[in-house]
Amino acid sequence: MTVSKRVVLAGLAGAATGVSTLALAQVSQKKSEHLGKLDEDEVMRVNRRTGTIQKSNGKLTPELHSAAMASGAKEISPSTVIYKHAGKMYMFDYQDNANTQAAINFESQFDND
């Protein structure tokens with residue numbers, strides 16, 4: 001193999017390495033990750049003690065939804081976050097508190113996708 005071919009191949013290998021490094025850097029810059037998806041009529045809960053997230057194998061029935069609504073169930077906005085601190089679970093809607101430092105801090109921890 002001639003010297004010029006070696007130089008070209010070495011350059012291509014270096015470029016490929018640079019592109020793969022750039023791709024890895026972009027992936028690692030994500031601020032959040034998807035844990036799963038909650039589809040229509042599926043039910044999940046967050047265990048307050050352990051922090052684990054469980055999805056029920058059963059589906060929500062219209063009767064169960066009606067009973068939950070009658071007992072005070074509320075719609076959760078797209079900007080609601082659930083977090084654990086000092087052994088307690090909290091829910092915070094940063095859109096309801098827009099333009100506050102707490103809202104800015106929470107919103108900045110997630111990717112907008």
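From 28, 20, which residue is surrounded by fewer than 10 Cβ atoms within 10 Å (Cβ to Cβ) and either under 18 Å from residue 89 (Cα atoms) or modelled with pLDDT under 85 (or both)?
28
So how many residues does region 66-87 have that are within 16 Å of residue 46 (Cβ to Cβ) and either modelled with pLDDT under 90 or surrounded by 10 or more Cβ atoms within 10 Å (Cβ to Cβ) (or both)?
8
The values are calculated or read from the model by the stated rules, or taken from the named source; none is laboratory data. Keep in mind that what you see is a predicted model, and the values were worked out from it rather than measured. Please note: Cβ atoms are built from the backbone with ideal geometry, for glycine as well, and neighbour counts cover all protein chains shown.
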